[in-house]
Number of protein chains: 2
Amino acid sequence: MASLSLQHSTHHFLSRALPTRSKPKPTSIRMSLQQNAPSIAVVGVTGAVGQEFLSVLSDRDFPYRSIKMLASNRSAGRRLTFENKEYVVEELTPESFDGVDIALFSAGGSISKKFGPIAVERGTIVVDNSSAFRMDEKVPLVIPEVNPEAMENIKIGMGKGAIIANPNCSTIICLMAATPLHKRAKVVRMVVSTYQAASGAGAAAMEELELQTREVLEGKPPTCKIFNQQYAFNIFSHNASVLPNGYNEEEMKMVKETRKIWNDKDIKVTATCIRVPVMRAHAESVNLQFESPLDEDTARDILKNAPGVVVIDDRESNHFPTPLEVSNKDDVAVGRIRQDLSLDGDQGLDIFVCGDQIRKGAALNAIQIAEMLL
Amino acid sequence: MASLSLQHSTHHFLSRALPTRSKPKPTSIRMSLQQNAPSIAVVGVTGAVGQEFLSVLSDRDFPYRSIKMLASNRSAGRRLTFENKEYVVEELTPESFDGVDIALFSAGGSISKKFGPIAVERGTIVVDNSSAFRMDEKVPLVIPEVNPEAMENIKIGMGKGAIIANPNCSTIICLMAATPLHKRAKVVRMVVSTYQAASGAGAAAMEELELQTREVLEGKPPTCKIFNQQYAFNIFSHNASVLPNGYNEEEMKMVKETRKIWNDKDIKVTATCIRVPVMRAHAESVNLQFESPLDEDTARDILKNAPGVVVIDDRESNHFPTPLEVSNKDDVAVGRIRQDLSLDGDQGLDIFVCGDQIRKGAALNAIQIAEMLL
């Protein structure tokens, strides 16, 4: 498990607030460091997602013959320990990609826009977590459980670079649950309201939420640096820019990315994206309207058998998915599966979905994409 | 301003966390204690809503010639100060209603079911905040700005008792914004997702949220008495019982109460009710589908002119309604008003609504009903 001092406080807090239940890792046998395995690079390694890249690589025994820890000039020179080996964080430069087979990017859109094409020129396959290339027609936008076919022509060892885009966290979490139902009954319209965690705005936002909460409890005015308003004990419309049509960029990502991933320009989506004072997992209330009837029992069975999805739908004990319960977990949890009373003839369902924003919403999905390259 | 020691800690916390901006109250001239004014009683005066009844009565200079402070045997004997006069909380008995013109009830459904009819027999008009009588065909269910005509036959001084029901908090807050649009373009379907505060579950739930937050920040396991799971830094499906159709009772209140208040059995509503770690104001993401086209500019103008509604819809500075901003306020705030991309021909709108759960969601609405009786 990698850790950097700058994130110590939030990670420590999280480990208390959100008990992890990941499998114990064997330390004796470690197969991932292999001479015939790819050379990889992590761009933005000091960020929340960058750190999670390392955790997921380690958890999944992702094979590599070498790994470069890349970040901005500001973080270069820092040391971090990964799989019992010490690394020095290197400054990201064009030369960083020489000999790199796969680069995992999570350093913001402008870094991706600048260094993604440079990496491709040097033969690197970039798995990019930013929004920079998602809507580029030549770039596959992939959730491995949903549309693996979109990247079937890209493999390592072909001497050619490429970019594969990781969808936005809210899109991934929603479509993990909606796609198996879409494949059965064809979604014609989807109305989504989100409950999004601090982590989507980075480690500093998580730290700000913790700091603000302490301040408010102590009767002090809250420190508002990342967001322009109080986050502790409050919710607010997502901080992404609002576009001329009144939707914010986060909402339009869900609209446009769903169309691209489902390869259906006509799919009707509306979304309202809201931040809630939760650390690292998103929740979404999703209303689905289908072309063909789909009853809730069939839907539940479909979801129980869907890869990467777990159904938590215990009405009697009022046990349904929560952000806390999915934190640090790989699977997306779905519950509150019920026939929509406002649509006739089993044409609609309401579901409630939770997924770890840093993990399946970002790092895990990217590394699953990288695994498909091998 | 009334205060009871049992609520001191939460009230103190709230006053720090949520700066009130209510108008300063004049203390010199106090007109509400009047000999020709009604005799009133507050049932459940020690609860969160009961306390707010007193604040609102005082804020609005509600006229009364006497006021009884009623509660369960457990709270009887406590002293409280209201408008510079000391009162002793009395145990609720059938005789409590002798000579009482208006009784404001907020002591839970079972107390209302038992004592509501007793009060009516004694000639008292009951304004009931519980769900006990809301769906009773003989009982008007009233939001004064929305359907005042439903109670036009009920007045004090006619020597006849009656019950008037206060709708559920989520319904009131939603319909304050949706009704003016419904009156213009007729809502045919409404998809609602809520972000509900602790206060809906009472003062003890607010205290539990504060306590749990302190505990989690200190690395201790959270105390879970009111809810069966961690609330701090988490969200969860509303704790109301889940019915055989998969909806919980809170959601079905919104479905059924909307039909009754709008006097339209065909109105299609689906709702997903979620608790968020916020103290005292609810938020709702509301998707509206209309029979007639309604463009967003017209909708915004309609809402700007709607009584009890304030529009906060500043896209440029990303300023929209938040629970914190409406806490301790009378008006319901609406923003994120935009044409729904998923419906053709201006047939839909998305809006985001926030309202103080204790105030307009409960106490204020009840006292506005009482004002209409005068």
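All of the numbers you see were taken from the coordinates with simple rules; none came from a lab. These figures come from a predicted structure and were not determined experimentally. Please note: Cβ atoms are built from the backbone with ideal geometry, for glycine as well, and neighbour counts cover all protein chains shown.
Tabulated results
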item	result
Residue-averaged beta-carbon neighbours from other chains (10 angstrom radius) around A:302-313	0
About the Cα centre, charge dipole magnitude for the range B:132-181 (Lys/Arg +1, Asp/Glu -1 at Cβ), debye	160 debye
The range B:251-374: proportion of alpha-carbon pairs further apart than 18 angstrom, %	61 percent
Cα-projected label distance for A:Asp136 with A:Arg259, points at 7 Å along beta-carbon direction, nm	2.0 nm
Pairwise label distance in nanometres, B:Thr298 with B:Arg79, each label 7 Å out on the Cα-Cβ vector	6.1 nm
Residues listed by number, the range B:54-73, amide nitrogen under 20 Å from B:Glu95 label point at 7 Å toward C-beta	B:66-73
Shielding of B:235-246 by partner chains, average beta-carbon count, 10 Å	6
Long-range HN-HN contacts of A:Tyr231 with modeled amide H, under 5 Å	none
Sparsely packed trypsin sites (Lys or Arg not before Pro) within the range B:34-80, loop by DSSP, other Cβ within 10 Å at most 15	B:Arg60, B:Arg65, B:Arg74
Residues B:Lys138, B:Lys114 arranged by fewest to most Cβ contacts within 10 Å	B:Lys138, B:Lys114
Distance in nm between pseudo-label sites at A:Glu316 and A:Glu152 (7 Å out along the Cβ direction from Cα)	4.5 nm
Dimensionless Rg ratio for the range A:284-327, taking C-alpha atoms and the 2.2 N^0.38 Å reference	1.31
Descending Cα extents along the principal axes, the protein assembly as shown, whole Å	92, 51, 45
Theoretical FRET efficiency, 1/(1+(r/R0)^6), r = Cβ-Cβ of A:Asn36 and B:Asn245, R0 45 Å, to 0.05	0.20
Stretchable slack from B:Arg184 to B:Ala204, in nm (0.36 nm times residue separation minus alpha-carbon distance)	3.1 nm
Where N is the number of residues in the range A:107-209, Cα Rg divided by 2.2 N^0.38 Å	1.25
Closest Cβ on chain A to the rotation axis that carries it onto B (distance rounded to whole Å)	A:Ser193, 2
Among A:Gly116, A:Gly202, A:Gly50, residue whose mean-square fluctuation peaks in a GNM of chain A (springs only between Cα atoms under 10 Å)	A:Gly202
Over 30 Å (Cα to Cα) - which of A:Lys360/B:Lys360; B:Lys68/B:Lys138; B:Lys85/B:Lys253 fall in this group	A:Lys360/B:Lys360; B:Lys85/B:Lys253
At 0.890 mPa s and 25 °C, Stokes diffusion of the range B:87-134 via Kirkwood alpha-carbon radius, µm² per second	227 µm²/s
Rg to Rh quotient for the range A:330-374, alpha carbon positions, Kirkwood Rh	1.24
Copies compared at B:Gly345 - label distances in nm, ascending, label defined 7 Å from Cα in the Cβ direction	2.0
The range A:303-374-the range A:71-145 distance, computed between alpha-carbon centres (Å)	28 Å
Over the range A:170-357, volume per residue of the alpha carbon convex hull, in Å³	131 Å³
Proxy reagent accessibility, fewest Cβ within 10 Å first, across A:Leu104, A:Leu373, B:Leu243, A:Leu175	B:Leu243, A:Leu373, A:Leu175, A:Leu104
Longest to shortest principal axis, alpha-carbon extents of the range B:165-235, angstrom	53, 24, 16
Sequence of B:Ser72, B:Ser96 once ranked by neighbouring C-beta atoms within 10 Å, starting from the fewest	B:Ser72, B:Ser96
Exercise: per-residue mean of other protein chain Cβ atoms within 10 Å, A:269-282	5
Taking N as its residue count, the alpha carbon Rg of the range B:28-152 over 2.2 N^0.38 Å	1.04
Cα-centred dipole magnitude for the protein assembly as shown, charges only on beta-carbon of K, R (+1) and D, E (-1), debye, nearest 20	1080 debye
Diffusion constant of chain B at 10 °C, which comes from Stokes-Einstein with the Kirkwood Cα-pair radius and 1.306 mPa s, µm²/s	75 µm²/s
Rounded to 5, the percent of DSSP beta bridges in the protein assembly as shown classed as antiparallel	50 percent
